[in-house]
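Following: one structure in structure tokens, then a few remarks.
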Amino acid sequence: METLHTETIAYFYLTDEGADLVEKLCAAYPGACYGKDHFKDNLKKAFLQYDNLVCVMATGIVVRILAPLLVHKTSDPAVVVMDQNGQFAISLLSGHLGGANDLARKMAAVSKGVPVITTATDVAGKLSFDVFAKSNNLAIENIGILKKVSGAILSDQKVLVVTDKDYPSLQNEKSYLNIISTDRFSTKKYHDDGTAIVVIDEKYTVHDADETRPVLYLRPRTICAGIGCKRGMDGASIEKALLATLARLGISPYALRCLATIPLKADEPGIIETADKRKVPLVVIDTKEIEELDLSSLKINTSNFVAAQTGVLSVSTASAYLASGRGEILVDKDKYKGITIAIAKCP
């Protein structure tokens, strides 16, 4: 059976019948369970701590408690509401990006009930690019354009998809998608007014876009940035250096997959702050892995000074390379004051 991340789901119930249903749901998809004791406080706390909430109770109760906590669909957790008999599983909040639609389907399958999905693209049986992005580890750079692209699809307009990458799920939607490689795309050639464009690429940008041709940018998270720095470097300086290197390459910051460094630097507040600010994980590379690399054949510049300070001949580049799964090194150390930035792209 497909599983959710068990530590990210919380169940809530208010009745004995609800408790019975939660027990059944939790057996299939384990998570934390909460009853009516301190219910409101627990639900509010869970909204900030969990990725998925399943509430077995009246929809109105959940709406009134959670409404003041709502921020945005890119950050709010998935919320599903079920009746105590499990007849219906309602996708209430964050249906696509949060995954509530899928969660509702899973819960309904366990209770032998009906998932209630109201998002327009699901009802129409058409592709939703926020679901597509989530499924393919793509970052949405300008989510405000998403509704315009979805609107075009629902209005039976042809949507242009510009990418050099192969996504089988897009091939199944060719009746309303026109898939074009980046080297063949030109807005002058594809000039239909009102046609939406979706770009799936780390760096490609449509420079002559305008309001009549909304462009949604989906950035594959393939870029790993290795960070080296002196002790005590502040996060603002590290982030500024990182963004400068990405800008020089023409790569969107949304394409970042992770930051990487060695254990000696893993507790640097500036590096941790930068990872948090860019909302990417910090990968700590074991120095033994670096020592085993043939740095010469990889054409990675080395430094005896760095080795004396850290114990390895390369920090940022070796870290980026290994974090990327031994991918392509795009930058072997951009040097800034007290900071080095290296960039590698996943295979």
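The values are calculated or read from the model by the stated rules, or taken from the named source; none is laboratory data. Given the structure is predicted, the values throughout are model-derived calculations rather than measurements. With ideal geometry, Cβ positions are generated from the backbone for all residues, glycine too; neighbour counts draw on all protein chains shown.
Key figures
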read-out: Scope region 99-120; condition modelled with pLDDT under 90 and buried (at least 19 other Cβ atoms within 10 Å of the Cβ); matching residues; value: GLY99
read-out: Selection count where residues are under 15 Å from VAL131 (Cβ atoms) and of a type in the set (Gly, Ala, Ser), scope region 146-174; value: 2
read-out: Conditions (1) touching a Ser or Thr at 6+ places or on another chain (Cβ under 9 Å); (2) free of Cβ contacts under 8 Å to residues at least 40 places away in the same chain: number failed by GLY250; value: (2)
read-out: Check on LYS265, in the same structural domain as LYS240 (by TED's automatic domain parsing) and under 26 Å from GLU202 (Cα atoms); value: no
read-out: Subset tally (residues that are in a loop (DSSP other than H, G, I, E, B) and within 15 Å of the chain's Cα centre (by Cα)) for region 126-152; value: 4
read-out: Residue tally, condition over 17 Å from ASN85 (Cα atoms) and part of a helix (DSSP H, G or I), over region 13-43; value: 5
read-out: Region 193-213, subset modelled with pLDDT under 85, in contact with a strand residue (DSSP E or B) (Cβ under 9 Å, 6 or more places away or on another chain) and not hydrophobic (A, V, I, L, M, F, W, C), residue farthest from LEU256 (Cα to Cα); value: THR195
read-out: From VAL71, VAL123, residue being surrounded by fewer than 21 Cβ atoms within 10 Å (Cβ to Cβ) and part of a helix (DSSP H, G or I); value: VAL123
read-out: Complete set of residues in region 120-151 that are of a type in the set (A, V, I, L, M, F, W, C) and closer than 10 Å to LEU216 by Cβ; value: PHE129, ALA133, ILE140, ILE143, ILE145, LEU146, VAL149
read-out: Count of region 239-259 residues which are under 12 Å from THR340 (Cα atoms) and in contact with a strand residue (DSSP E or B) (Cβ under 6 Å, 6 or more places away or on another chain); value: 3
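Table: residues versus (1) of a type in the set (Gly, Ala, Ser); (2) within 12 Å of CYS229 (Cβ to Cβ).
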position: LEU242; (1), (2): no, yes
position: LEU246; (1), (2): no, no
position: LEU256; (1), (2): no, no
position: ILE262; (1), (2): no, yes
position: GLU268; (1), (2): no, yes
position: ILE271; (1), (2): no, yes
position: ALA275; (1), (2): yes, no
position: ARG278; (1), (2): no, no
position: VAL284; (1), (2): no, no
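So that you can scan it fast, the table gives a plain yes or no per residue for (1) of a type in the set (Ser, Thr, Tyr); (2) in the same structural domain as ASN137 (by TED's automatic domain parsing); (3) in a loop (DSSP other than H, G, I, E, B); (4) farther than 15 Å from THR261 by Cβ:
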| residue | (1), (2), (3), (4) |
| --- | --- |
| GLU289 | no, no, no, no |
| LEU295 | no, no, yes, yes |
| LEU298 | no, no, yes, yes |
| ASN301 | no, no, yes, yes |
| SER314 | yes, no, yes, no |
| THR317 | yes, no, no, no |
| ILE329 | no, no, no, yes |
| LYS333 | no, no, no, no |
